[in-house]
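Asks: Take a look at the following structure, please.
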Amino acid sequence: MRRLRFKKIDAFAQGRARGNPAGAVYLERDDKLEESQMLRLARELAGFVTEVAYVQPVQKEGIDYRLTYYSAEREVDFCGHATIAATYDLIQSDPKLQAAAGLRIVTKMGPLSVENRLASEDAVYIEAPTPVRRTSAFRGAELAVALRTSPDTIDPRYPLALVNAGLNTLIVPVTGYEACLGVTPDLQELKKACLAHGADIVALFTSEVGDPAHAFHTRIFAPTFGYLEDPATGSGNAALGHYWRGEGLWDGRPLVIEQGTSREYPNCVRLATRGASNPTILFGGAATVRIEGEYILA
């Protein structure tokens, strides 16, 4: 029997927005968990959190923590909202980290920096993995079937694309705010289509928004990880940021994205860039601890 320090943390939760629930398991430096144990714990939490981050101190070669992620289906190369949840909690809980500019983590996508902006913005900002874009083999009609929507919902002004900023993200432009809210995919059909074309998640976007203070409205689906819709996403919106820059829709200045199906209280994800030439994309937000204690892994 293993007793593990555990928190349920809602990432991107501010005001009346509910955010995205993540599990955080805090390990000691010499702790070892088998892959089967990490997967089993994530499966036991299915429906309660979307992913679980296993957080382990490293403190060598400029790295402070290693993060490993699991969904109920499998290991996840990178999970943005779980990274926001865990690193926000780490910094908020440690006076030394509160005084620091940030920290360094390592994931399967390599080392990444975390900026501490709690004092100025009540947020942490995560360096997104270096993005890679390629043309999508999806056809609009095929995708419309999987999304259970009309082909007219897909905006022909912009191309479909696959962008990896942590996860292979299929970018889908849609024709407007109501069209975006009206999409109701079938989990199994969308999963089948994603697996056939090498997509981990599907990101819909429109520049029509519910709140004029926001730049885009997005919805992101994650059928290959065992659930349909992700309510607030770091890596998916970072992939969108790379796409928007490539299409001339974003000049790199800080912006706020609204995500999800709530008209009144959408979840909000912040994007920014660092560097002048070939800038790095950062995604940011706050987090709220909802449950804290021990997880007993029998």
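The values are calculated or read from the model by the stated rules, or taken from the named source; none is laboratory data. All of these numbers come straight from a predicted model, not from anything done at the bench. When we count neighbours, we look across all protein chains shown, and the Cβ atoms used for this are built from the backbone with ideal geometry, even at glycine.
Asks: Output the qualifying pairs, or none if there are none: Cβ atoms under 6 angstrom, residues six or more apart or on different chains, first residue in region 206-219 and in contact (Cβ under 8 Å) with a residue 40 or more places away in the chain, second residue in a loop (DSSP other than H, G, I, E, B) and among the aliphatic types (A, V, I, L, M).
Replies: H217/V209
Asks: For V183, which of the numbered conditions (1) in a helix (DSSP H, G or I); (2) at pLDDT 95 or above; (3) of a type outside the set (D, E, K, R) fails to hold?
Replies: Single failed check for V183: (1).
Asks: Another question about this same structure. Taking interchain pairs and intrachain pairs at least six residues apart, which have beta carbon atoms under 6 angstrom, with the first residue in region 108-126 and more than 12 Å from A272 (Cα to Cα) and acidic (D, E) and the second modelled with pLDDT of 95 or more and crowded, with 16+ Cβ neighbours inside 10 Å?
Replies: Taking only residues 6 or more apart or on different chains, the pairs are D122/A286.
Asks: Within region 1-93, considering only strands (runs of 3 or more DSSP E) that don't extend past its boundaries, which have at least 1 residues that are modelled with pLDDT under 95 and more than 22 Å from A165 (Cα to Cα)?
Replies: On the way: elements: 2-11, 20-26, 51-60, 63-70.
Those strands (runs of 3 or more DSSP E) span 2-11, 51-60.
Asks: Also: Any residue in region 253-278 that's farther than 14 Å from G19 by Cα: show its pairings with residues that are of a type in the set (K, R) and modelled with pLDDT of 95 or more at Cβ separation under 7 Å, as long as the two are six or more apart or on different chains.
Replies: P254/R270; V256/R270
Asks: Of everything in region 214-239 that's aliphatic (A, V, I, L, M) and under 24 Å from R40 (Cβ atoms), which residue is nearest to the chain's Cα centre (by Cα)?
Replies: Per the stated criteria, the residue is A222.
Asks: Among the numbered criteria (1) under 27 Å from S136 (Cβ atoms); (2) assigned by TED's automatic domain parsing to the domain that holds P111, which one does I291 miss?
Replies: So the condition that I291 fails would be (1).
Asks: Which numbered condition trips up R270, out of (1) surrounded by fewer than 17 Cβ atoms within 10 Å (Cβ to Cβ); (2) in contact with a strand residue (DSSP E or B) (Cβ under 9 Å, 6 or more places away or on another chain); (3) among the basic types (K, R)?
Replies: Failing condition for R270: (1).
Asks: Restricting attention to region 84-138, which residues are surrounded by 17 or more Cβ atoms within 10 Å (Cβ to Cβ), out of contact with any Phe, Trp or Tyr (no Cβ under 6 Å at 6 or more places or on another chain) and hydroxyl-bearing (S, T, Y)?
Replies: If the condition is that a residue be surrounded by 17 or more Cβ atoms within 10 Å (Cβ to Cβ), out of contact with any Phe, Trp or Tyr (no Cβ under 6 Å at 6 or more places or on another chain) and hydroxyl-bearing (S, T, Y), then T87, Y88, Y125, S136 are the ones that fit.
Asks: Quick check on T149: is it without any contact (Cβ under 8 Å) to a residue 60 or more places away in the chain and assigned to a helix (DSSP H, G or I)?
Replies: When the stated conditions are applied, T149 does not pass them.
Asks: Given the criteria of a type in the set (V, I, T) and under 13 Å from the mean Cα position of the chain (by Cα), does V256 qualify?
Replies: No.
Asks: Restricting the search to region 155-176, which residues are in contact (Cβ under 8 Å) with a residue 24 or more places away in the chain and more than 21 Å from the chain's Cα centre (by Cα)?
Replies: Of everything in region 155-176, those that are in contact (Cβ under 8 Å) with a residue 24 or more places away in the chain and more than 21 Å from the chain's Cα centre (by Cα) turn out to be D155, Y158, P159, T175, G176.
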